[in-house]
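What follows is one structure encoded as structure tokens, with my remarks underneath.
What follows draws every value from the coordinates through simple rules; no lab data is involved. Predicted model only: the values in this text are computed from it and were never measured. Methodologically, a virtual Cβ is constructed for each residue, glycine included, from the backbone with ideal geometry; neighbour enumeration extends over all protein chains shown.
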Amino acid sequence: MTERARMIDLTIPVERAFLIGLDDPDDDRWPVERSLAELAALAETAGATVVGRASQRRPTADPVWYFGKGRAAELVDEKAACDFNVLIVDDELAPNQQRSLEKLLDCKVLDRSALIIDIFARHAQTKEGRLQVELAALEYHLPRLTRLWTHLSRTGGGIGTRGPGESQLETDRRLIRDKIKKVKADLADVEKHRATAARNRDRNEVASVALVGYTNAGKSTVLNALADADLYAADMLFATLDPTSRQVSLPNGQQAVITDTVGFINKLPHDLVDAFRATLEEVMRADLLLEIVDAADPDFLGQQAAVQTVLDELGAGDKPRITVFNKIDLLAVKGDAAPSTERAVFVSAVTGAGLHLLRERIADALRGQMVAVDAVVPYGRGELVARARTSGEVEERYEERGVRISGHLPEGIAAELTAAGRSTRRRGAVSH
Ligand SMILES: Nc1nc2c(ncn2[C@@H]2O[C@H](COP(=O)(O)OP(=O)(O)OP(=O)(O)O)[C@@H](O)[C@H]2O)c(=O)[nH]1
Ligand SMILES: [Mg+2]
């Protein structure tokens, strides 16, 4: 059992890492140096020390050696020169590529996906987050069991290592599959509870806004600034994993719930996207997305493309969206050089510049999704009037029959108001 537990523990001790990546001549979006710089940041977040890096110009990976065979062989000399004890590859490796590199270099070989899953495992706080990461780790390791579990078949078979017609490896795979089933069932349980909470929120008719964006773009800092909150924000990758919501007052008096969650990254492992799908989908049900972009990052366009890829994968690529170019305090060109538009706002979450305009744009965008109402609510329904006041943009006038509410509201509460108005009229008609 302890052996098994260790198998799925991705914790990396302090290690001397050497990074390698492909310099794809057809990809001008992510130059290899930038991708390796990001991989170095990931490696350091996971606790490794980066001691060197190398790239080879080729469009696709060699099916056996990742680099070409000759260039891969040179890594042996590089290992001797900088004394690395782990090789980290910038793309997801097939199990056989990983094996051949491990044999060649006689050290551990990790890929980008394993690294990202490791960081997620370190940062997951909630039960749901931990289950999601565990699921991703199990799914990721299932096809790679041959390498990880070799010590179990080291005895080379024999009595007690085989079930009827079943090798040890197959038994191990079955155990992992059983574990996956169990984690999925536990997750489904946790998610059911969250879905109920979400439905209750929907019934409250408070508009919901979700923050999305590349990791470290400043999502948590923006939410802190908008909501005067104190969420964990840090100059590190994947500081936030679990969704956190805060209520924010907009300039028109409307309230909105803004949710911050996990950031995206280039080549985000599919196993993670799948495992986090349920949480992310809840976020994606929001009325509006705020895409936070680190305007001071030289790769912000590539980051936006990576974010778009994940949003498309989640089926949220076309959702109403405001693009928030953050960190303008770090730009050389200050001030109004790039004027904000209806769907793009320039802010600094640190200095507060542009935040008022952002609040107004959020209110405008939410108003665009509301319907016009003009209804008289009976005086006995004060609770409905109070909800209308914070759900949208309305005027209240006190009339003889009740409170006249006119303006714009989300569809659900608008329908309730109209129904309440009608029922008074009906009651009135009967009594006459
Ligand atoms: N100079 C400057 N730094 C900022 C600004 N907004 C955020 N930061 C910094 O950027 C770093 C990342 O901010 P976070 O808010 O943690 O970013 P995030 O998008 O939530 O990141 P993850 O949760 O890790 O995906 C922190 O060090 C922030 O202080 C800004 O407007 N200007
Ligand atoms: Mg964050």
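Data table
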item	result
Label-point separation in nm, A305 to E360, each point 7 Å along Cα→Cβ	3.5
The chain: relative contact order as a whole-number percent, Cα under 8 Å and 6+ apart	12
Gain in span if fully extended, S249 to R58, counting 0.36 nm per residue against the direct Cα distance	63.6 nm
Rounded to 5, percent antiparallel among DSSP beta bridges of the chain	40
Degrees separating the helix 300-313 axis from the principal Cα axis of the chain, which is the longest one	80
The chain: most fluctuating residue of V190, V109, V222 per GNM, C-alpha cutoff 10 Å	V190
Cα-projected label distance for E396 with L169, points at 7 Å along beta-carbon direction, nm	7.1
Dipole of the chain, positive direction: furthest Cα of S245, A388, G302, with charges on the beta-carbon	A388
Sum of -39500 (n - 2.57) over DSSP H runs of 4+, divided by residues of the chain (222 nm, nearest 500)	-14500 deg cm²/dmol
Percentage relative contact order, segment 262-378, counting C-alpha pairs under 8 Å, at least six apart	22
GNM top mover of A372, A217, A286 - the chain, alpha-carbon springs below 10 Å	A372
Crossing angle, helix 95-105 versus the chain [Cα axis fit, 0-90 degrees, rounded to tens]	50
Which of I328, A275, G315, positive extreme of dipole for segment 255-336 (C-beta unit charges)	I328
Förster-model FRET efficiency, 25 Å R0, D228 and D329, C-beta, rounded to 0.05	0.85
Cα coordinate range in segment 2-123, projected on the principal axes (Å, largest first)	44, 30, 26
Check: the chain dipole with +1 on Lys, Arg Cβ and -1 on Asp, Glu Cβ, in debye	1500
Among E134, E383, E313, residue whose mean-square fluctuation peaks in a GNM of the chain (springs only between Cα atoms under 10 Å)	E383
Percentage relative contact order, segment 2-123, counting C-alpha pairs under 8 Å, at least six apart	32
nm² value of the averaged projected area, convex hull over the Cα atoms of the chain	27.6
The chain: angle of helix 127-141 to the longest principal axis, Cα-based, in degrees nearest 10	40
